[in-house]
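Below is one structure; the comments refer to it alone.
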Amino acid sequence: MGNLDGKVAFITGVARGQGRSHAVALAGDGADIIGVDICADIPSNGYPMASREELDETVALVEAAGGKMVAAVADVRDFHELKAALDAGVERFRRLDIVLANAGIATMAFRELTIEEDLEMWTDVLDVNLVGSFHTAKAAIPHLIEGGRGGSIVFTSSTAGLRGFGGLQGGGLGYAASKHGIVGLMRTLANALAPHSIRVTTVHPTAVNTMMAVNPAMTAFLENYPDGGPHLQNPMPVSLLEPQDITAAISYLVSDAAKYVTGVTLPVDAGFTNKL
């Protein structure tokens, strides 16, 4: 018997990285999964997005963990596309209990940008990270309320959602602004949904060993950030967390053990936000 037997989770950005880790772990705890990913590149982003093959691999891993999964290609920037994917999953599984707004990008660059490039980075990061999180919640909340069983929404923010760093370019500024914005979204929804016993929280990872953090554009940005690389190092002796480290925190937040935990910002950051 798992802690999440009979429950259904909706996860965005599920094809790889943290989203895949969350899906597999929740399935291992008894949940069925509704998952989406864009499976297409975003031109302003400095690294490739997940592929359809990676999404299919996540489905296989979820099934190997004992869960069922409805997967769809959907862009969180497109509300109607995202809602259609979620609605199809709820029609299949007949309920929704957990929502993980995980999809995000970080369009860092360390080179001279044209104003058009700078504005495009700003817009794309805000649209994926913040607007996409709003779309995810907006599509899911009616299902959670209708179920009448309470539920949990967890937004993936960042250490950049609690502290002010990111440089002067549109990508870095957009990342910090979007991840701070997610905190405001979470706090407001936590109050609005509390009467329905729907809990809303954020997790704030430091750098995690995924494509977002481990790519040439991000490496160049971090190495050349003001005050240098050491300024952005974790106090604990670890340079990168693993996706499973973030999953462990999320598994607690969505479980009955956290049934009265709402409106909180939970850093999983090896002491990073305490230092900066």
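In square angstrom, what is the accessible area per residue of segment 124-276 with a 1.4 angstrom probe?
Accessible area per residue: 43 Å².
Could you tell me what percent of the accessible area of segment 157-276 is made up of carbon and sulfur, with a 1.4 Å probe and every protein chain present?
59 percent
Once the principal axes of the Cα atoms of segment 41-103 are found, what is the range along each, listed largest first in whole angstroms?
38, 28, 16
So if the hydrodynamic radius of the chain is defined as the Kirkwood radius over C-alpha pairs, what does Stokes-Einstein give as its diffusion coefficient at 10 °C and 1.306 mPa s, in µm² per second?
The diffusion coefficient I find is 86 µm²/s.
Skip the ligands, DNA and RNA, and give the accessible area per residue of segment 29-86 with a 1.4 Å probe, whole Å².
43 Å²
If packing is taken as the average count of other Cβ atoms within 10 Å, what order do 88-97, 176-185 fall into, highest mean first?
My ranking of the peptides, most packed first, is 176-185, 88-97.
Can you pick out the pairs among K83/K259; K83/K275; K7/K138 whose Cα atoms lie more than 29 Å from each other?
Check vs 29 Å cut-off fails for K83/K275.
Starting from the amide H of I33, placed 1.01 Å from N in the peptide plane, find each other amide H under 5 Å away whose residue is 5 or more places distant or on another chain.
The list, which skips near neighbours in sequence, is A9, K68, M69, V70.
Quick one: Kirkwood hydrodynamic radius for segment 9-86, alpha-carbon pairs, angstrom, one decimal?
For segment 9-86, inverting the mean 1/r across all distinct Cα pairs yields 12.3 Å.
Ordered by packing density, taken as the mean number of other Cβ atoms within 10 Å over each peptide's residues, highest first, how do 133-140, 206-213 rank?
So the peptides 133-140, 206-213, ranked by packing, come out 133-140, 206-213.
Over all Cα pairs of segment 147-276, how is the pair count split among 5 Å bins, expressed in % and running from 0 up to the last occupied bin?
Over segment 147-276, the share of Cα pairs per 5 Å bin runs 2, 11, 18, 22, 19, 13, 8, 5, 2, 1, 0 percent.
For Y252, Y260, Y47, write out the residues from largest to smallest accessible area, computed with a 1.4 angstrom probe and no ligands counted.
So the residues, ranked largest to smallest area, are Y260, Y252, Y47.
Of the peptides 99-112, 30-43, 69-82, how do they stack up when ordered by the mean number of other Cβ atoms within 10 Å, highest first?
Top of the packing list down: 99-112, 30-43, 69-82.
Please state the Cα pair-distance histogram of segment 1-155 with 10 angstrom bins from zero: what percent is in each bin?
12, 41, 31, 12, 4, 0
In a shell of Cβ-Cβ distance under 15 Å around A190, excluding A190 itself, what net charge do Lys and Arg (+1) and Asp and Glu (-1) give?
Summing Lys and Arg as +1 and Asp and Glu as -1 gives +3.
The values are calculated or read from the model by the stated rules, or taken from the named source; none is laboratory data. Nothing here was measured: the structure is a model prediction, and the numbers come from that model. All Cβ positions, even for glycine, are placed from backbone atoms using ideal geometry, and neighbour counts span all protein chains on display. Keep in mind that these areas ignore ligands, DNA and RNA; they rest on the heavy atoms of the full protein, side chains included. Shrake-Rupley method; radii C 1.70, N 1.55, O 1.52, S 1.80 Å.
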